[in-house]
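Step one of this worksheet: look at the structure below.
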């Protein structure tokens, strides 16, 4: 389910609801700067106090959780502090000085900082090419910061995005995520941050950093007197949750009817006793990508048994006559939500060198963003590796233009990363019987030449 349908706050409340049925709040303290919720088992959570109308606060933990969805900012603060109390044992204690030690920020990056991270700004500036700060608090905002309404315009071009946990409290996080799909690195940090696996799920954030209260007695006294997190130094611990690894898949496009090649499915054409599909699957697996999805359409009943034999997943595109884009969309919609990037591989490029797949994959591991395409003799080839931030754009592309038009639209921009490779196979597809015969003749000639040596 997309973020536009179910908000992140709903997901986290659902994940805690069953446990919350058996707990109550021992104490709720709404302070000038922070709100503190202490559960009946001693767990405690804090959240920045947002201004709003004060009203009756329930004691049942499940009802307190629901307050996180309230349009009243103050009640939302109470609800989010309750969430943080339930999550207070999540994450690992962070022994370092600053979370920036865990951030993937590079010297070429344009970094967005959303919210009050004043101590962190100079550290980010020392590492990045450009830093953009968004802040609406008039006590902190300056001529060097941008207001919230500029986020939609500027965030899509950022390589890294750092946001405070208050974005979760005020429910702006879902929009921020939608505007930063192409960012290589995203982090949510600060005392109000819920250290929940839901935050890192589906590639939302790569790093989550929150705060654990270690002395509730001191915390109560400080927060009652109007103090903040800095006044609790020595009585809290920073906790972090790091997204462990990137997930890649490959989509092999094999839905065409093969009308120009004698009606034989291209996936079942052979080279040296191996089918095109078998050759392609093996090269992808050798590069280190094991999650492979084959999109079939025409002659699906002939190709599906081979997919089972090769132990790869398959999905049928019933609308294969609509063209390649329909198969790409079918494949994308069949992928798990937490995929970070895909190899997009037409099955009729069997001569792509194995090392080409490896080179593209290594480039993506280094960049962790964008669209990566091989180039041979100055022309883009196959396969391409596409980061998840571009999936929606491909799905909404005009049918006639297809995914290739989306890729070409980024030529000359940092989104499209080109790798110059000595691999003519990236440009050699097999569309007709004549091309297939030429390919077989070429291989026979190569075999004769190698035997003479």
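Just so it is clear, none of the values below were taken in a lab; they were calculated from the coordinates. Keep in mind that this is a model prediction, so the values were computed, not measured. Every residue, glycine as well, gets a Cβ built from its backbone with ideal geometry; the counts of neighbours run over all protein chains shown.
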- From the Cα gyration tensor of segment 56-196, with a ≥ b ≥ c the square roots of its eigenvalues, which class applies: rounded if a/c is under 1.5, or else prolate if a/b is larger than b/c, or else oblate? prolate
- Item | Linear extension gain, residue 51 paired with residue 273, 0.36 nm per residue minus alpha-carbon span | 72.8 nm
- What's the FRET efficiency of residue 444 with residue 311 using the Cβ-Cβ distance as r and R₀ = 35 Å, to the nearest 0.05? 0.65
- Item | Burial ranking of peptide ranges 350-360, 415-425, 212-222 (average Cβ count within 10 Å, highest at the top) | 350-360, 212-222, 415-425
- Item | Centroid-to-centroid separation of segment 308-356 and segment 150-170 [C-alpha atoms, Å] | 32 Å
- Note on the structure: Under the 7 Å Cα-to-Cβ spin-label approximation, residue 401 and residue 40 lie apart by a distance in nanometres of 5.9 nm
- Between residue 125 and residue 367, what length comes free when the chain is fully extended (0.36 nm per residue of separation minus the Cα-Cα distance, one decimal in nm)? 85.1 nm
- Task: Under 1.5 on a/c is rounded, so check that first for the chain, then, if it is not, pick prolate when a/b is larger than b/c and oblate when it is not; a ≥ b ≥ c are the square roots of the alpha carbon gyration tensor eigenvalues.
- Result: prolate
- Cα-based shape type of segment 69-118, given that a ≥ b ≥ c are square roots of the gyration tensor eigenvalues and the cut on a/c is 1.5: oblate
- Item | Cβ crowding within 10 Å averaged over residues, with 106-118, 49-61 ranked highest first | 106-118, 49-61
- Message: Between residue 237 and residue 411, what's the calculated FRET efficiency when r is the beta-carbon distance and R0 is 45 Å? Round to 0.05.
- Response: 0.40
- At 222 nm, what helix-only mean residue ellipticity would the chain give, in deg cm²/dmol to the nearest 500, using -39500 (n - 2.57) for each DSSP H run of four or more? -9000 deg cm²/dmol
- Message: Less than 13 Å from a label point 7 Å out along the Cα-to-Cβ axis of residue 355: which backbone N atoms in segment 433-447 qualify, by residue?
- Response: none
- Note on the structure: Beyond 28 Å, the calculated P(r) of segment 248-447 holds a percent of Cα-Cα pairs equal to 21 percent
- Message: Suppose each label sits 7 Å from its Cα in the direction of the beta carbon; what would the residue 301-residue 93 distance come out to in nanometres?
- Response: 6.5 nm
- Query: Given 0.36 nm per residue, what is the gain on full extension from residue 322 to residue 435 after removing their alpha carbon distance, in nm?
  - Reply: 38.3 nm
- Item | Calculated FRET value between residue 216 and residue 418, using beta carbons and R₀ = 60 Å, to 0.05 | 0.60
- Query: How far is helix 276-286 tilted, in degrees, relative to the longest principal axis of the Cα atoms in the chain, given as a value from 0 to 90 rounded to the nearest 10?
  - Reply: 40 degrees
- What is the helix-to-structure angle for 73-86, meaning the angle in degrees between its Cα long axis and the longest Cα principal axis of the chain, kept from 0 to 90 and rounded to the nearest 10? 70 degrees
- Report, for segment 163-288, the % of DSSP beta bridges that are antiparallel, rounded to 5. 65 percent
- Query: Taking Cα atoms, how many degrees apart are the long axis of helix 300-310 and the longest axis of the chain, rounded to 10 and kept between 0 and 90?
  - Reply: 70 degrees
